[in-house]
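This report concerns only the one structure given below.
Values quoted throughout were computed directly from the atomic coordinates according to the rules given, and no laboratory measurement underlies them. What you see is a predicted model, and the numbers here were worked out from it, not measured in a lab. Here the Cβ positions follow ideal geometry from the backbone for every residue, glycine too, while neighbour counts run over all protein chains shown.
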Number of protein chains: 2
Amino acid sequence: MKFELTILGSNSATPTSQRFPSCHVLNVREKLFMVDCGEGSQIQLRKFKLKFSRLNHIFISHLHGDHCLGLPGLVASFNLLGRTSDLHIFAHPELKTILHPVIEYFSHGLTFAIHYHDVDPKKHARIFEDKSMEVWSIPLNHRVPTCGYFFKEKPREKNIRKEMVEKYQLSIAEIVSIKAGSDLTLKDGTVIENKALTTESLPLPRSYAYISDTKFKPSIAPLIKGVDLLYHEATFMEDDEVRLSKTFHSSARQAAEVARMAEAKQLLIGHFSARYTSAEGHEKVAREIFPNTVAVSDGMRFSPGE
Amino acid sequence: MKFELTILGSNSATPTSQRFPSCHVLNVREKLFMVDCGEGSQIQLRKFKLKFSRLNHIFISHLHGDHCLGLPGLVASFNLLGRTSDLHIFAHPELKTILHPVIEYFSHGLTFAIHYHDVDPKKHARIFEDKSMEVWSIPLNHRVPTCGYFFKEKPREKNIRKEMVEKYQLSIAEIVSIKAGSDLTLKDGTVIENKALTTESLPLPRSYAYISDTKFKPSIAPLIKGVDLLYHEATFMEDDEVRLSKTFHSSARQAAEVARMAEAKQLLIGHFSARYTSAEGHEKVAREIFPNTVAVSDGMRFSPGE
């Protein structure tokens, strides 16, 4: 049961020859969820062998070019390849206004439907769910309306202990109820707690938060408490107050502070300013506060709980 | 005196991990001229170390996404880097209508001027000239209005033979006139031909033609007669008449026929369909007709006359 994140782009605004602009892809049991879609994301999908046909959901954090200008080309390729499945794009309502005319022009006669789901970046809300997962918006603080996204697997049905089925002569109805988490009440009124009857399905539900461009915002932490995989932007290595407040970005230390407060299991930092030739400095600074930090580069993959 | 072509993208519609969509850059004496600007062209500029600041002119052959969707991101990066020089974009008038709103949205508060120069793809016309070069449009035959571009260096002033200055006691005015190509008439009426008085400036004027997406069109040949470097699309390896007439593309053999008819010095073929894993077949087919053919890949450089 896959839950694997691939980094397709890890640079800030202007790409370099080594780092593409922002794009992550989360594979949840062979369904791909793209988060941000910077220019060239379709090239990176090919390079890292992620199948176009498995990608039906794209989440855009905000309308800066380095986070969404890969959409028209990606959709044009979908169209050329004869895609038929619906595509769902979650974004600020202006994305549709500004990019759909381009998408339509360059994908003349779309062979599939695009559904735009308006996201209010000021709200912390569940914006998507399916059988196995839900996605929440996380309001951020950037120069334009911006939100992060929090992907959480739903708890799976528990496994019932075989010996308990026998011991209490459980009916089908009782088994269904216990698997869903109920306790068992015997005829004599004794209550057998659920945890004595079941074991957790493994792997335990996993989670991933994508904290896109933002000023340091400690109020994020409680919204993503205990997250397995926290990506947090760390544009700057230094805590240069002037630069941070002018650009509405975070430093490596600030990303680590959020990870520590959120009790994340692992921190991934990225969106490095093109002024740095390496992200080693960012990683070093962040690790002083949050040791389990990785400065990501394009092509890295992460599978929490494995 | 540089005249060097760099291939930034050599694939057709859908990029692969090895080949970006269409983009060429011609360096003429350290001025860069971009021809087509597929998605990711700014990444390729970085990769192949071509300076953003030297690029002031972009020529777009037609409005298919794989030939122009790199523009909004490139302009956004120019803007972030604080560019001040004017940018000139030569294209079908619809480019401005469809892409400028996106460019404006993602490059809020442009730090430089963009001049759109309308090109009528049905006309064979000189659309640009400066001191050293001119650019002509070459009408093509594709599914949407399309033209190629022909870049020609202007002839340089001739070198006067020093011994002739002495022999005929040439005045400054006579020298200027002879350098521009005139013959010399002596007082007794004798005419001394220019070629006896001068030598050609080397290198001789060089030329490059970019024949973008098109059906086989032999009438191109006389317009680019004697071209040093002819790029001609060769989407398909085979002469599959159904496919060629449906897609309005050319085969490797057809590209070679045009090169032969135009008496080109060298043929470059590209824009290979993603259905081929290699372009060796295209090259082999084309070389049977036009031996000096190269199937290009991203990053290749060509300098005619060197």
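Convert each backbone phi in segment A:50-62 into a coupling constant with the Karplus relation 6.51 cos²θ - 1.76 cosθ + 1.60 (shift: θ = phi - 60°), then list the ³J(HN,Hα) values in order as whole Hz, x for Gly and Pro.
Result, ordered by residue: 9, 6, 3, 5, 8, 9, 10, 10, 10, 10, 10, 6, 6 Hz.
Counting Lys +1, Arg +1, Asp -1, Glu -1, what net charge surrounds B:ALA76 among other residues with beta carbon under 11 Å of its beta carbon? Don't skip to the answer; put the middle values down first.
Details: positive: B:ARG83; negative: A:GLU39, A:ASP66, B:GLU104.
Every neighbour counted, the sum reads -2.
Counting each DSSP H run of 4 or more residues in the protein assembly as shown as -39500 (n - 2.57), what helix-only mean residue ellipticity at 222 nm follows after dividing by all residues, to the nearest 500 deg cm²/dmol?
Working: 20 runs with 159 residues, N = 612.
Result for the protein assembly as shown: -7000 deg cm²/dmol, rounded to the nearest 500.
Determine the shielding of peptide A:64-77 by partner chains: average, over its residues, the number of Cβ atoms on other chains within 10 angstrom of each Cβ.
On the way: counts 5, 13, 5, 1, 1, 10, 4, 1, 6, 12, 4, 1, 8, 8.
Per residue, the average neighbour count from other chains is 6.
Could you line up A:THR214, A:THR16 from fewest to most neighbouring Cβ atoms inside 10 Å? Don't jump to the answer; show the numbers that get you there.
Details: A:THR214 26, A:THR16 17.
Result, fewest neighbours first: A:THR16, A:THR214.
Note the distances from A:MET261 to each other copy's matching label point, with points 7 Å along the Cα-to-beta-carbon direction, in nm, sorted shortest first.
Result, one decimal in nm: 7.0.
Test of the criteria: in segment A:40-134, which chymotrypsin sites (Phe, Trp or Tyr not before Pro) are in a DSSP loop and have at most 15 other Cβ atoms within 10 angstrom of their Cβ?
Here the chymotrypsin sites (Phe, Trp or Tyr not before Pro) that fit, given the DSSP loop and packing criteria, are A:PHE112.
Please order B:MET34, B:MET300, B:MET1 by the number of other Cβ within 10 Å, starting at the fewest.
On the way: B:MET34 24, B:MET300 16, B:MET1 13.
Fewest-to-most ranking of B:MET34, B:MET300, B:MET1: B:MET1, B:MET300, B:MET34.
Viscosity 1.567 mPa s, temperature 4 °C: what is the translational diffusion coefficient of segment B:12-151 from Stokes-Einstein with a Kirkwood Rh over Cα pairs, rounded to a whole number of µm²/s?
Details: Rh = 15.3 Å.
It diffuses with D of about 85 µm²/s by this estimate.
What number do you get for the protein assembly as shown when its Cα radius of gyration is normalised by 2.2 N^0.38 Å, N = residues?
Working: Rg = 30.6 Å, N = 612, 2.2 N^0.38 = 25.2 Å.
Output field value: 1.22.
Just flag the trypsin sites (Lys or Arg not before Pro) in segment A:11-103 sitting in loop per DSSP whose Cβ has no more than 15 other Cβ atoms within 10 Å. Walk me through the numbers on the way to the answer.
Working: sites: A:ARG19, A:ARG29, A:LYS31, A:ARG46, A:LYS47, A:LYS49, A:LYS51, A:ARG54, A:ARG83, A:LYS96; in loops: A:ARG19, A:ARG29, A:LYS49, A:LYS51, A:ARG83.
The qualifying sites are A:ARG29, A:LYS49, A:LYS51.
Of A:LYS217/A:LYS265; A:LYS96/B:LYS96; B:LYS123/B:LYS152; A:LYS49/A:LYS265; A:LYS2/A:LYS51; B:LYS123/B:LYS217, which pairs sit farther than 21 Å apart, going by alpha carbon to alpha carbon?
Details: A:LYS217/A:LYS265 19 Å; A:LYS96/B:LYS96 19 Å; B:LYS123/B:LYS152 17 Å; A:LYS49/A:LYS265 27 Å; A:LYS2/A:LYS51 15 Å; B:LYS123/B:LYS217 15 Å.
In this structure, A:LYS49/A:LYS265 lie more than 21 Å apart at Cα.
How far apart are the B:LYS195 label points across copies, placing each 7 Å from Cα toward Cβ, in nm, shortest first?
In nanometres, ordered from closest: 10.1.
Can you list, shortest first and in nm, the gaps between the label point of B:SER182 and those of its counterparts in the other copies, using a point 7 Å from Cα in the C-beta direction?
Reported distances to equivalent positions: 10.9 nm.
Give me a single rounded figure for A:8-15: the average over its residues of other chain Cβ atoms within 10 Å of their Cβ.
Values: counts 0, 1, 0, 1, 1, 6, 12, 9.
So the per-residue partner count for this stretch is 4.
Take the rotation relating chain B to chain A, measure from its axis to every Cβ in chain B, and name the nearest residue with the distance in whole Å.
Nearest Cβ to that rotation axis, in whole Å: B:GLY40, 2.
Using the count of nearby Cβ atoms within 10 Å as a rough guide to exposure, how do A:THR84, B:THR247 rank from fewest to most? Could you put the intermediate results ahead of the total?
Values: A:THR84 9, B:THR247 18.
Ranked by crowding around the Cβ, least crowded first: A:THR84, B:THR247.
According to the Cα gyration tensor, what semi-axes, each the square root of 5 times an eigenvalue, does the equivalent ellipsoid of chain B have, listed from largest to smallest in whole Å?
Values: eigenvalues 284, 131, 55 Å².
They are 38, 26, 17 Å, listed largest first.
Kindly provide the GluC sites (Glu not before Pro) of segment B:161-268 that DSSP labels as loop, not H, G, I, E or B, and whose Cβ sees at most 11 other Cβ atoms within 10 Å.
Values: sites: B:GLU163, B:GLU166, B:GLU174, B:GLU193, B:GLU200, B:GLU233, B:GLU238, B:GLU241, B:GLU257, B:GLU263; in loops: B:GLU193, B:GLU200, B:GLU238, B:GLU263.
Answer by residue number: B:GLU193.
What is the distance in Å between the Cα centroid of segment B:39-81 and that of segment A:232-257?
29 Å
Note down the relative contact order for segment A:159-199 as a percent, whole number, built from C-alpha pairs under 8 angstrom at least six residues apart. Mind dumping the intermediate values first?
Numbers: 35 pairs, mean separation 18.3, N = 41.
This gives 45 percent for segment A:159-199.
With no solvent and one equal point scatterer per Cα, compute the Debye intensity ratio I(q)/I(0) for segment A:159-199 at 0.35 Å⁻¹ and report its log10, rounded to two decimals.
Per q value, in the given order, log10 I(q)/I(0) is -1.51.
Can you tally the net charge around B:PRO15? Count Lys and Arg as +1, Asp and Glu as -1, for every other residue whose Cβ sits under 15 Å from the Cβ of B:PRO15. Numbers along the way, then the final one.
Values: positive: A:ARG46, A:LYS47, A:LYS49, B:ARG19, B:LYS47, B:ARG275; negative: A:GLU39, B:ASP36, B:GLU39, B:ASP66, B:ASP298.
Here the charged neighbours net out to +1.
Enumerate the aspartates and glutamates that A:LYS187 could reach by cross-link, defined here as Cα to Cα under 17 Å, with residues fewer than 8 away along the same chain left out.
Partners within reach: A:GLU166, A:GLU174.
What's the extension gain from B:HIS115 to B:GLU288 if we count 0.36 nm per residue and subtract their Cα-Cα distance?
On the way: separation 173, 0.36 × 173 = 62.28 nm, distance 4.35 nm.
Contour length minus Cα-Cα distance gives 57.9 nm.
Using Cα pairs closer than 8 Å and at least 6 residues apart in sequence, work out the relative contact order for chain A, in percent.
On the way: 686 pairs, mean separation 49.9, N = 306.
Here the relative contact order equals 16 percent.
For segment A:181-296, what is the Kirkwood estimate of the hydrodynamic radius, computed as the reciprocal of the mean inverse distance between distinct Cα atoms, to one decimal in Å?
Computed over Cα pairs of segment A:181-296, the Kirkwood hydrodynamic radius comes out at 15.9 Å.
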